[in-house]
Structures are given as structure tokens and as C-alpha cells.
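Notes follow the structure.
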Amino acid sequence: MRIKIPYQNIGHTIEMLQKQIESSLDFAHEFAPGEHDPKHLFHLLKNNTTYRNDPPGVELLQSFPSLINDNYWGVPGAGDCDCF
């Protein structure tokens, strides 16, 4: 899902983060089936993600499926803190 909305305020960003998390839950269960240990999940994400700053003037929020499969940068797992 791609939604392009101009930055409004921090409250709106937090609201969009909540939607991002909710829309990613099914994918997360498929990505790491049966894994609920925080340490294991941390290492799984660490090994599958690369930090990239948002584009200038943009607050880029990517869902987990977008982060891994259909990334803004064209590099699977590339994003900043709010993407992770």
C-alpha cells in the first residue's frame, strides 16, 4: 500500500505508524512464524534491515511488507527507525 500525504504534525505521524503496524501483523507472522522471543526477533530484523535516512523533506513510513519486499529505495530492508 502506498499513501503519499504531506507531513502534518507528530500526532498524525504517530497515527500513521499505528496503521502501519496494524497492516503489517499478518506479514510479520509469516516472516517469522512461531517466533516470539524478542532477542531472536531483534537479530532476525537486524540481519534483514539496512538503515537509510528518509529522503530530504519527507517523513517516509513503510509497512513491514513494503520494507522487506517493495522498498522505496529498491533495496529490501532499507529504511529508517520508524520503518523498523
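Things worth noting here:
- Qualifying residue in the range 15-27 (condition: among the hydroxyl-bearing types (Ser, Thr, Tyr) and open to solvent by less than 50 Å² (accessible area, probe 1.4 Å)): yes
- Matching residues, the range 28-70, being polar (S, T, N, Q), under 26 Å from Asn9 (Cβ atoms) and open to solvent by less than 70 Å² (accessible area, probe 1.4 Å): Gln62, Ser63, Ser66
The values are calculated or read from the model by the stated rules, or taken from the named source; none is laboratory data. Keep in mind the model is a prediction, meaning the values are calculated, not measured. Heads up, the Cβs are rebuilt from the backbone with ideal geometry, glycines too, and the neighbour counts pull from every protein chain shown. The accessibility values were calculated without ligands, DNA or RNA, using every heavy atom of the protein model including side chains. Shrake-Rupley method; radii C 1.70, N 1.55, O 1.52, S 1.80 Å.
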